[in-house]
Amino acid sequence: MLTVGLTGGIGAGKSEVSRLLVDCGAVLIDADRIAREVVQPGTPGLAAVVKAFGEEILTEDGSLDRPRLGALVFNDPEKLATLNSIVHPLVGARSRELEEAAPDDAVVVHDVPLLTENGLAPLYDVVIVVDASPDTQLDRLVRLRGMSEEDARARMAAQATREQRRAIADVVIDNDVPLDALERRVREVWADLVRRAGGTPGRNSARRARR
């Protein structure tokens, strides 16, 4: 098994790259999706979040009001740390379960938005960073996601810098390109991942030993 950490700044196009990797044959473990699952109604995760932040972070049907919770923690490092201390261990445990269930010869791609910020690079055999210029990120967030420019810039500024992400990358995928060029690049990266999964010695073994 080869474990891959996939990350990139907001608006860089990481989701498109993960989709293309799945099309190639990767097993995808999506940290954002799992983070939503572990706080579904009736879960211990949601109960812990409510205990920490109060019932006002629930909608009328008892599910988590994500916009309200996000507004509560976004500019408050202490509250954000509290939320992360609840959710991150649950996400990690579920991710490990899914990884252990994958075939022995699988290329398992962990889609982790905050991989750089949380110092998670050593957990993976290979780290892929999807890279795009800040102008491209801003355009996608405003034009495709409907964010205000102010909100988009604030969310970009809250993440690691482009340079910090590239510094922990084994592979960089440039996504300032048309879709057909991106598809070609992902196919090239996939061929390299398959080669690495075939037992190439060296760095992969050293990283796995540190897990």
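Below, the figures for the structure above:
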read-out	value
Option label - Cα extents along the principal axes in Å computed here, alternatives (i) 52, 32, 28; (ii) 51, 38, 27; (iii) 47, 45, 25	(ii)
Crossing angle, helix 77-101 versus the chain [Cα axis fit, 0-90 degrees, rounded to tens]	40
Over segment 1-72, volume per residue of the alpha carbon convex hull, in Å³	137
Between helix 134-143 and the chain: long-axis angle, C-alpha atoms, 0 to 90°, nearest 10	50
Sum of -39500 (n - 2.57) over DSSP H runs of 4+, divided by residues of the chain (222 nm, nearest 500)	-16000 deg cm²/dmol
For segment 1-127: accessible area per residue (Å², 1.4 Å)	49
Carbon plus sulfur fraction of accessible area for the chain, probe 1.4 Å, in percent	52
Cα long-axis angle, helix 179-197 against the chain (0 to 90 degrees, to the nearest 10)	70
DSSP bridge pairs, the chain: antiparallel proportion in percent, nearest 5	5
Among ALA12, ALA191, ALA81, residue whose mean-square fluctuation peaks in a GNM of the chain (springs only between Cα atoms under 10 Å)	ALA81
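The values are calculated or read from the model by the stated rules, or taken from the named source; none is laboratory data. This structure is a prediction, so every number in the text was calculated from the model and none was measured. Protein only, heavy atoms only, side chains kept; ligands, DNA and RNA dropped before computing areas. Shrake-Rupley method; radii C 1.70, N 1.55, O 1.52, S 1.80 Å.
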